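Nothing in this text is a laboratory measurement; each read-out follows from the coordinates by a stated rule. Not measured: the values here are computed from a predicted model. No Cβ is skipped: glycine too gets one built from the backbone with ideal geometry, and neighbour counts run over all protein chains shown.
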Amino acid sequence: MSAAQAIFHEEQRFAFLRLRVMLALPPAALSVLLVWQVVLGHPWGMHPMSNGGLIALTVFLWLIYVQMVTVRLVTDVASRELSVGLRWVWRARRIALSDIRAAKVVSFQPIRDFGGYGIRWTRKGKAYIAAGTRGVRLELNDSRVVIIGSAHPEELLQALGRF
């Protein structure tokens, strides 16, 4: 579903500087090693990795880093379905609006209630959380519960329609 077709569209990023720094440590360390070995010509260790292998691994880790820091929680509501997923990591889950029995705005503590951020499965249901402490709780016709974190939960609830 494209943003142009959506009644409601929201993209949330995971805005944790500490996490970004921690994720950058392995590729940054390999970049230092790359300069030490390839540029300065000092092999590192008793059995150094080949220059080509070191370059390839460093580039690969930087690409993974860039992908991880550009992950977004994308929520779209169209005329007949809700779509929510982590772009670049997990494909979107689609829920037909006719499958939603009830919906309401809720507050939660992501770490205490769900063990953190991202896509979480708990006995409370499945949660999609990128940031913040508010969202919409959906009760589906098959009794499953889905919680979608949102910076604009009232607008999301309104877009869902009849609730």
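A few comments on the model shown:
- Built amide H within the under 5 Å cut-off of SER150, gap 5+: ARG134, GLY135, VAL136
- Backbone N under 17 Å from the ASN141 label point (7 Å along Cα→Cβ), restricted to segment 95-131: 95-103
- ARG80-THR133 FRET efficiency (beta carbon distance; Förster radius 25 Å; 0.05 resolution): 0.25
- Net lengthening on full extension, ARG101/ALA15 (0.36 nm per residue, minus Cα-Cα): 27.7 nm
- Among the trypsin sites (Lys or Arg not before Pro) within segment 1-97, those in coil by DSSP and having at most 11 neighbouring Cβ atoms inside 10 Å are ARG80, ARG91.
- For Rg and Dmax of the Cα atoms in Å, the candidate list reads (1) 16.1, 57; (2) 24.8, 78; (3) 21.0, 68; the entry that matches the value derived from this model is (3).
- Normalised by 2.2 N^0.38 Å, where N counts its residues, the alpha-carbon radius of gyration of segment 36-106 equals 2.02.
- For segment 5-53, the spread of Cα positions along the three principal axes, ordered from largest to smallest, is 59, 25, 17 Å.
- Taken over segment 78-121, the convex hull of the Cα atoms encloses 106 Å³ per residue.
- Evaluated at q = 0.11 Å⁻¹, the base-10 log of the normalised Debye intensity for segment 53-149, with identical point scatterers placed on the Cα atoms, takes the values -0.39.
- Cα centre as origin, Lys/Arg/Asp/Glu Cβ charges: the chain dipole, Debye: 420 debye
- Mean ellipticity per residue at 222 nm, deg cm²/dmol - from DSSP H runs of n ≥ 4 across the chain, formula -39500 (n - 2.57): -9500 deg cm²/dmol
- Footprinting exposure proxy for ILE95, ILE119 (fewest neighbouring C-beta atoms within 10 Å first): ILE119, ILE95
- Gyration tensor verdict on segment 1-86 (Cα atoms; rounded if a/c is under 1.5, prolate if a/b is larger than b/c, oblate otherwise): prolate
- Within the chain, antiparallel bridges make up roughly 90 percent of the DSSP beta bridges whose residues both belong there.
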